[in-house]
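Nothing in this text is a laboratory measurement; each read-out follows from the coordinates by a stated rule. None of these values were measured; they are calculated from a predicted model. When we count neighbours, we look across all protein chains shown, and the Cβ atoms used for this are built from the backbone with ideal geometry, even at glycine.
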Amino acid sequence: MITVSSITGIPLQTNKVYSQAVDLIEINSGNQTLDSGLPQFYDCIDEKVDSSKGVEEDTYFEKEPTKHEVKSCYNEVLLGSAQSNDGADANENIEFGGE
């Protein structure tokens, strides 16, 4: 517990808040490809963040993915293709099928 004095001299009390891990719910979107691909997608992002180069330039990206890393994993895992660097797919509409 932290006690802080206010201007009036009355101590203010604040409590520290800690978040707790929660169990993830099972993914059930009705689209089997998406349901099985999402855990792999997030694992891919974790791996790319862990192996990131150049994070010393911006320490934010030590724990958070770059846009390029997310897009790369999306293309690799959910689309099943390696990312192209020609920019042609920038405005492409992507659907997962399903219903």
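If each of residue 62 and residue 32 carries a label point 7 Å out from its Cα toward its Cβ, how far apart are those two points in nm?
Distance between label points: 4.4 nm.
If you look at just the Cα atoms of the range 19-71, how large are its Rg and its Dmax in Å?
Radius of gyration, then largest Cα-Cα span, for the range 19-71: 14.0, 42 Å.
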